[in-house]
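Read through the structure below, which is laid out as structure tokens, and then see the notes.
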Amino acid sequence: MDDLTPLLARIQFAVTIGFHYIYPPLSIGLGVFLVIVEGLYLKTRDPQWRQVARFWTKVFALTFAIGVATGLVMEFEFGTNWAKYSRFVGDVFGSALAAEGIFAFFLESGFLALLLFGWDKVGPKLHYFATIMVCLGAHFSAVWIVIANSWMQTPAGHHIVQGPNGLRAEITDFWALVFNPSSMERLAHVLIGAWLAGAFLVISISAWYLLKRRHEGFARVSLGIGLVFALVASLLQLLTGHISADGVAKNQPAKFAAMEGHYAASAPADLTIVGWVDEKAKAVHGLTIPGGTSFLLHQNFTVPVTGLDAIPSDQHPPVQLTFQAYHAMIGIGMALIAVALLACILWWSGRLERQRWMLWLLVFAVLGPQLANQLGWMAAEVGRQPWIVQGLMRTKDAISPNVSSGQIIFSLCLFTVVYTGLFAAFIYLLNDKIQHGPDPEDAQGPLLKLPQKLTDALSGHRADGEG
């Protein structure tokens, strides 16, 4: 192993997980959307809701398939590039990943065929049950992955033993592992970020249909549900983000100090709106609120917050990258709240369709949750450095000793080509589904109307006929 190997191994894993993480959030968010719209169909028997549910089920299936394909490589990387790490955490991760297989993958994949092909072959209640199970399976997959990653951030429920190949962590309390100090708050933040990704995909495609004057009835009801879903999720994300940041400040002070660019060992921490870290001067230049971070943590502008100067320098994470990723994530999150709120106001007043600039903004807003999710994980993982398991194992000590930088460069190039091809295939197939649109026959049959006020609201028109 040469000096470049640890960095290249990290870059390779970042590339593979970055590509992979485009798709699971879409599956999770679309799963919730499908439960909502198929529930409306089951309650009203209105064929339009069936049409909506069937179209978005096809999009869900595409994201699920590409997500599975892109996720397989990462598990092999643990064995090839991170052998020492795999030996150290094998007992811990083995339990979490086995739980994912039992509670998530088999649940999701077991009911997926019924969701996709059972529309005219089973009763509507059984089909709806399958939809709920697939949605739960997608969520359970995230549950166990986030629990495993959270254990790396805040290890609990284990002890260290001497094995034949060195030290290793063994579980002593499975539930302490599951409910480690950061798992539940991080899980809530990740899942709601996934809801946002799914909601804004629905919003984007629906807004595009309205701009092109295609499938307008379908687009209006999809957009109405999507906007309400996005607004609720964006506000919840603000809450869970605050709770998660509080947890980071408590459990990982070095990461929190890097996220805020806070150096003073014990002094009130400013809240930076936008800025740049001068690592040599140990200062942040930009727009700040004096004591703002202290207030958010302690409801007091003068309470000291642990800074990087109180932490040994060999345990400092990369400050600039952590700081910028964290603040960019927050900025995008606040922008999504503003977009969802404004769009909901325009939709409720019946003016949204006349505001073409807003519809175009909604089309491109689909990128917001994706960028925020990627930046959030970047802040979380880069901010944990130099630890791969906080306080227990450094990243440089986790690399496979027999892997060379040349081998990693070759596989990195190969994976990048393959993943780029899969992404291109995803965009092509998604565009094909968008161009085809919902099937007209899915909306045929006796139309059982919703209450008029609700129908008008979901269509973006006032019940009194205005707009």
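Things worth noting here:
- Positions within the range 274-320 being within 30 Å of the chain's Cα centre (by Cα), in contact (Cβ under 8 Å) with a residue 12 or more places away in the chain and under 17 Å from residue 251 (Cα atoms), in sequence order: 293, 294, 296, 297, 305, 306, 307, 308, 315, 316, 317
- On the stretch given as the range 346-358, residues that are part of a helix (DSSP H, G or I) and crowded, with 16+ Cβ neighbours inside 10 Å total 6.
- Residues that are closer than 20 Å to residue 416 by Cβ and of a type outside the set (Ser, Thr, Tyr), drawn from the range 54-78: 66, 67, 68, 69, 71, 72, 73, 74, 75, 76, 77, 78
- Of all residues in the range 57-107 being in contact with a Gly (Cβ under 8 Å, 6 or more places away or on another chain) and of a type in the set (Gly, Ala, Ser), the one that is modelled with the lowest pLDDT: 104
This table checks each residue for (1) assigned by TED's automatic domain parsing to the domain that holds residue 259; (2) under 18 Å from the mean Cα position of the chain (by Cα).
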{"residue": "358", "(1), (2)": "yes, no"}
{"residue": "361", "(1), (2)": "yes, no"}
{"residue": "367", "(1), (2)": "yes, yes"}
{"residue": "372", "(1), (2)": "yes, yes"}
{"residue": "376", "(1), (2)": "yes, yes"}
{"residue": "391", "(1), (2)": "no, no"}
{"residue": "395", "(1), (2)": "no, no"}
{"residue": "400", "(1), (2)": "no, no"}
{"residue": "411", "(1), (2)": "no, no"}
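- For the range 99-145, filtered to residues that are among the hydroxyl-bearing types (Ser, Thr, Tyr) and surrounded by 17 or more Cβ atoms within 10 Å (Cβ to Cβ), the residue that is farthest from residue 63 (Cα to Cα) is 128.
- Subset of the range 225-240 (residues that are surrounded by fewer than 22 Cβ atoms within 10 Å (Cβ to Cβ) and closer than 15 Å to residue 185 by Cα): 236, 238, 239, 240
- The condition (being over 30 Å from residue 363 (Cα atoms) and of a type in the set (Phe, Trp, Tyr)) is satisfied by just one residue among 218, 229, 256, 200: 256.
- Residues of the range 253-270 that are under 25 Å from the mean Cα position of the chain (by Cα) and either of a type in the set (S, T, N, Q) or not in a loop (DSSP other than H, G, I, E, B) (or both): 253, 254, 255, 256, 257, 258, 259, 260.
- Pair list, Cβ under 6 Å, 6 or more apart: the range 143-157 residue in the same structural domain as residue 85 (by TED's automatic domain parsing), other residue assigned to a helix (DSSP H, G or I) and aromatic (Phe, Trp, Tyr): 148/93
- Counting the residues of the range 388-417 that are without any contact (Cβ under 8 Å) to a residue 24 or more places away in the chain and surrounded by 15 or more Cβ atoms within 10 Å (Cβ to Cβ) gives 2.
- The range 158-181, subset surrounded by fewer than 18 Cβ atoms within 10 Å (Cβ to Cβ) and small (Gly, Ala, Ser), residue modelled with the highest pLDDT: 176
- Residues that are surrounded by fewer than 24 Cβ atoms within 10 Å (Cβ to Cβ) and touching a residue at least 12 places away in the same chain (Cβ under 8 Å), drawn from the range 202-213: 204, 208, 209, 210, 211
- When 335, 328, 343, 425 are checked against the criterion of being out of contact with any strand residue (DSSP E or B) (no Cβ under 9 Å at 6 or more places or on another chain), crowded, with 19+ Cβ neighbours inside 10 Å and in a helix (DSSP H, G or I), a single residue qualifies: 343.
The values are calculated or read from the model by the stated rules, or taken from the named source; none is laboratory data. No experiment lies behind these values; they were computed from the predicted model shown. Backbone-built Cβ (ideal geometry, glycine too); neighbour counts: all protein chains shown.
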